[in-house]
Amino acid sequence: MTVTRGESCLVLAMPHTGTWLPEEVQGALNDRGRALADTDWHVDRLYADLVPDATIVRANFHRYAIDANRDPEGRSLYPGQNTTGLCPVTDFDGAAIYRDGREPDAAEIERRRRAFHAPYHAALARELERVRDAHGVAVLYDCHSIRSRIPFLFEGVLPDFNIGTNGGLACAAKMETAVAEICASANGYTSVVNGRFKGGWTTRHYGRPEDGVHAVQMELAQSAYLASEALPFAYDEARAGRIRPHLKTILDTLIALAKAPATAREA
């Protein structure tokens with residue numbers, strides 16, 4: 001993973017922007033898997049330089065090796081709903097991504113957990129502890145994006161801004177409200193709070209406002225900043241330029257609320 005240290009209270013997590021795969025995983029994937037369609041394409045570029053002094057923890061490995069935003073014990077984040085697991089064997093459309101008989105077994109999943117998932121979260125935990133020690137509070141903003149139409153995962157068209165706070169448990173109520181208001185007032189965009197995406201394992205695991213760590217997941221519809229939600233998933237400068245100011249306002253607001261008196265951070 002890549003860690004870029006900043007001195008503010010904000011930590012940006014990027015678990016799904018990486019496209020690197022170990023040779024043995026790459027060789028086990030079928031043509032569909034090797035397309036890496038479920039990448040959070042260009043999210044690192046979208047958030048680049050929006051706020052000064054943010055810490056960034058970015059996974060370089062692809063989610064098809066192991067998903068850094070899934071429960072390391074393999075428990076589903078959304079019981080009863082279609083989703084992908086810790087080491088996905090299908091893509092977001094429910095199609096197989098491995099060649100026949102090459103899916104990872106329990107031993108291989110554990111090997112990948114130790115090699116990739118555990119180091120990523122060890123780094124993220126260290127940075128959250130560091131900034132909380134420095135500021136008395138840490139804000140974890142988990143950066144994601146996904147195609148806006150995926151019938152296997154959800155009906156219809158996904159809103160542009162999908163705010164996840166684990167049902168309000170992962171951050172102070174005023175933070176959730178502020179982010180929701182910014183997104184709702186963004187002209188030309190749609191938004192929802194704790195809709196189909198309520199926050200992955202990262203948000204649920206680290207979001208402990210009572211301990212001074214506030215977590216918000218933002219799942220963006222890729223149609224809001226990509227030229228197309230299909231290969232080659234090209235970045236659209238104009239679309240990205242329109243949404244970036246709203247993302248900056250969100251991050252600036254979260255930092256301001258974290259610096260506010262304790263009553264402004266209480267859930």
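Every read-out reported here was derived from the displayed coordinates using simple, explicitly stated rules and does not represent laboratory data. Every value quoted in this text rests on a predicted model; they were computed, and no experiment measured them. Every residue, glycine as well, gets a Cβ built from its backbone with ideal geometry; the counts of neighbours run over all protein chains shown.
In table form, for the structure just shown:
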read-out	value
Residue match in the range 174-185 (condition: among the small types (Gly, Ala, Ser) and farther than 17 Å from Tyr141 by Cα)	yes
Filter result (at positive phi and over 11 Å from the mean Cα position of the chain (by Cα)) within the range 187-212	Gly188, Asn194, Gly212
Subset of the range 1-30 (residues that are under 20 Å from Ser228 (Cβ atoms) and either in contact with an Asp or Glu (Cβ under 7 Å, 6 or more places away or on another chain) or assigned to a helix (DSSP H, G or I) (or both))	His16, Thr17
Selection count, the range 227-253, where residues are within 19 Å of Ser185 (Cβ to Cβ) and among the aliphatic types (A, V, I, L, M)	4
In the range 129-184, the residues that are under 23 Å from Asp93 (Cβ atoms), without any contact (Cβ under 8 Å) to a residue 24 or more places away in the chain and of a type in the set (D, E, K, R)	Glu155
Condition check for Ala125: of a type outside the set (D, E, K, R) and over 19 Å from the mean Cα position of the chain (by Cα)	no
Hits in the range 86-131 (condition: within 19 Å of Arg147 (Cβ to Cβ) and of a type in the set (Gly, Ala, Ser))	Gly94, Ala95, Ala96
Members of the range 40-66 that are at negative phi, assigned to a loop (DSSP other than H, G, I, E, B) and surrounded by fewer than 21 Cβ atoms within 10 Å (Cβ to Cβ)	Ala48, Leu50, Val51, Pro52, Asn60
Condition check for Ala215: in contact with a strand residue (DSSP E or B) (Cβ under 8 Å, 6 or more places away or on another chain), among the hydrophobic types (A, V, I, L, M, F, W, C) and surrounded by fewer than 18 Cβ atoms within 10 Å (Cβ to Cβ)	no
Checklist (1) buried (at least 16 other Cβ atoms within 10 Å of the Cβ); (2) touching a residue at least 60 places away in the same chain (Cβ under 8 Å) applied to Lys259, failing item	(1)
The range 159-176 - residue that is of a type in the set (D, E, K, R) and not in a loop (DSSP other than H, G, I, E, B) and, of those, surrounded by the fewest Cβ atoms within 10 Å (Cβ to Cβ)	Lys174
Members of the range 197-239 that are in contact with a Leu (Cβ under 9 Å, 6 or more places away or on another chain), over 30 Å from Arg132 (Cα atoms) and assigned to a loop (DSSP other than H, G, I, E, B)	Tyr225, Phe233, Ala234, Asp236
